[in-house]
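Below is one structure, written out as structure tokens, with a few remarks after it.
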Amino acid sequence: MDSTHRYDISLGAALAAIAQVGDLSMGQPLGHSLRVARLARQLAQARQAGAEQMRVVEQVALLRWSGCTANADGFAHLLGDDVDGRRAMLDGTLSAADMNAVHKAAPLAVVHCEVAGEIARTLELGDAVETALCRVFETFDGSGRPLGLTHEHIPEAAYQVVLAGDLDILSRAHGVEAALKWIHEQADRRYPADLAALLVNNAKGWLAGLDATADTQGVSDSERPVCLSLVGDVIDLKLPWLAGHSRQVAHIAVEAARLWGVAESRRAEIGKAALIHGLGRAAVSNHVWNTAGPLPYGAAERVHLVPYWTHKATRSIRELSAPGEIASYVYERLDGSGYYRGTAAEALCAENRLLATAVAWVALRGTRPWRVAHSEADAARLLKQEASRGVFDGEICDAVIAAARGERTLTQPKNPLLTPRECRILLEISQGASNKEVARNLAISPSTVRTHMESIFRKLGCSTRAAATLKGLTLGLIA
């Protein structure tokens, strides 16, 4: 993505988003990593940790699963279902044979740790966070992965996060008493006995005080800006054939929006939405994504919930709630055949249509395990074919194709100043129609009409409907 399409969010929001990706990837409920961060922080406080150590513990907890999209394909091959398999691995319900296979699969741990460490480095979180993230699979007795390190080489922050994670997962799966019994039995095996005892003695009170919706605004330095594209990259690592997908979608969607005349502030929201639109994909096994042809009912239902999970995961992150709303419509179609809402044309604004069409274009131009990438000409033909069937907006398809070709202007042979849709809307308002009436007449949403009106006023240099009507008549845009 070039520098003109860089979108920053706060470090706190980025950590929260990556934590949500990790939760879905590991088969955990959304908010799990946030709960673990709070539990680990309480454990660190009980050890009288200073502010810097508290920051490290909290950030390690939020990024603990940040490398799990990178090895999802490996776990899918190993366990069949990378999401359900890892959930069972964490809550102790995985079969003994599968668990033994996981312990032998050290390369998967290497991938996870290396990627998590790189994420911490990119976010400039410091050596302490990076080191702890690379040690979360190591154990007190040296039987862990990937290096089999012993206690003196494992920072306490790693133990604190692992203990907090075990408590949250096992208490949810088996009850608090069973969780505490298991943790006690792992003393001086999985973690130090004194730290385990401290957790066990305080666990019930800490669990009772948890608020699963807590955000990360308390993290030190959380307002420092970081690039949102990193979150998109983490999302795309889930599938090897999607590397760079979110960045490509963002570039084309934003350029198409510019050609379409969308205001710059709204283009920024589209760009952010493009970078996170695939977040919910983490909740579905790679086995499903790599399946060619029609999916069976159960698998199709899981795929149809991807935009729902994206929406739900971003709704609690203030800076991403608006982009997440746009992203949740990415697989909706004008004829109502999309998902997860089955929304039709009248409820789909320009932002929704632009992002959906850009995603479809990038998918057509990309190679998949079951087909080669379509050529530019074939992709354009297929996209326009779908538009003719009422699936996509034909004019927006033209804008997306033009953006993909690097065109700086959208060619309009008859009326180069306004798009055909803008001319039609101008004609409607010149005849006295309200925004709602225009929306009903053209089967689009009132918000789409407002977006077009802003573009019309800007292009014509007017601020009133009467002046726009006069200029439209003078220029021959309407008759």
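The values are calculated or read from the model by the stated rules, or taken from the named source; none is laboratory data. Not measured: the values here are computed from a predicted model. Positions of Cβ are backbone-derived with ideal geometry, glycine not excepted, and every protein chain shown enters the neighbour counts.
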Exercise for review: Just need a number here: residues in region 243-271 that are closer than 16 Å to Val359 by Cα, hydrophobic (A, V, I, L, M, F, W, C) and surrounded by 21 or more Cβ atoms within 10 Å (Cβ to Cβ).
Suggested key: 8
Practice item. Output the residues belonging to region 361-387 that are within 20 Å of Ala350 (Cβ to Cβ) and out of contact with any helix residue (DSSP H, G or I) (no Cβ under 7 Å at 6 or more places or on another chain). Key: Glu386
Review point. Which residues, counting only those in region 319-343, are without any contact (Cβ under 8 Å) to a residue 60 or more places away in the chain and among the hydrophobic types (A, V, I, L, M, F, W, C)?
Key: Ala322, Ile326, Ala327, Val330, Leu334
Check your understanding: Can you name the residue in region 349-401 that is over 22 Å from Lys272 (Cα atoms) and basic (Lys, Arg) and, of all such residues, is surrounded by the fewest Cβ atoms within 10 Å (Cβ to Cβ)?
Key -> Arg371
Exercise for review: Examine region 211-219 for a residue that is outside the structural domain of Gly92 (by TED's automatic domain parsing), under 21 Å from Thr122 (Cβ atoms), touching a residue at least 24 places away in the same chain (Cβ under 8 Å) and surrounded by 14 or more Cβ atoms within 10 Å (Cβ to Cβ), and state whether such a residue exists.
Suggested key: yes
Review point. When you look at Ala128, is it closer than 17 Å to Leu43 by Cα, modelled with pLDDT of 95 or more and of a type outside the set (S, T, N, Q), yes or no?
Key: no
Study note, to complete from the structure: Considering only helices (runs of 4 or more DSSP H) wholly within region 400-479, the ones with at least 3 residues that are of a type in the set (Lys, Arg) are 446-460
Review point. Tell me, which residue of region 121-150 that is in a loop (DSSP other than H, G, I, E, B) and acidic (Asp, Glu) is nearest to Gly165 (Cα to Cα)?
Key: Glu138
Check your understanding: From the set of residues in region 71-95 that are not small (Gly, Ala, Ser) and not in a helix (DSSP H, G or I), which is farthest from Ser285 (Cα to Cα)?
Key -> Thr93
Check your understanding: Among the residues of region 64-79, is any without any contact (Cβ under 8 Å) to a residue 24 or more places away in the chain, in the same structural domain as Asp194 (by TED's automatic domain parsing), more than 23 Å from the chain's Cα centre (by Cα) and buried (at least 17 other Cβ atoms within 10 Å of the Cβ)?
Key -> yes
Practice item. Mind listing just one residue for me: the one in region 3-35 that is modelled with pLDDT of 95 or more and of a type in the set (D, E, K, R) and, of those, nearest to Leu305 (Cα to Cα)? Key: Asp23
Point to revise | Any hit, region 290-313, residues being touching a residue at least 40 places away in the same chain (Cβ under 8 Å), part of a loop (DSSP other than H, G, I, E, B) and either out of contact with any helix residue (DSSP H, G or I) (no Cβ under 8 Å at 6 or more places or on another chain) or under 20 Å from Ser229 (Cβ atoms) (or both) | key: yes
Revision key, fill the gap. Of the residues in region 434-455 that are free of Cβ contacts under 8 Å to residues at least 60 places away in the same chain and buried (at least 18 other Cβ atoms within 10 Å of the Cβ), the one that is nearest to the chain's Cα centre (by Cα) is Val449
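Across region 246-285, what is the number of residues that are under 16 Å from Val303 (Cβ atoms) and not basic (Lys, Arg)? Before you say what the answer is, go through the steps one by one.
Of the residues in region 246-285, the ones under 16 Å from Val303 (Cβ atoms) are 277-285.
Now restrict to residues that are not basic (Lys, Arg): 277-280, 282-285.
The number of residues fulfilling the criteria is 8.
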Point to revise | Output for region 229-246, where each listed residue is of a type in the set (A, V, I, L, M, F, W, C) and not in a loop (DSSP other than H, G, I, E, B) | key: Leu230, Val231, Val234, Ile235, Trp241, Leu242
Practice item. Tell me which residues, restricted to region 314-336, are surrounded by fewer than 19 Cβ atoms within 10 Å (Cβ to Cβ), out of contact with any strand residue (DSSP E or B) (no Cβ under 9 Å at 6 or more places or on another chain) and part of a loop (DSSP other than H, G, I, E, B). Key: Ser316
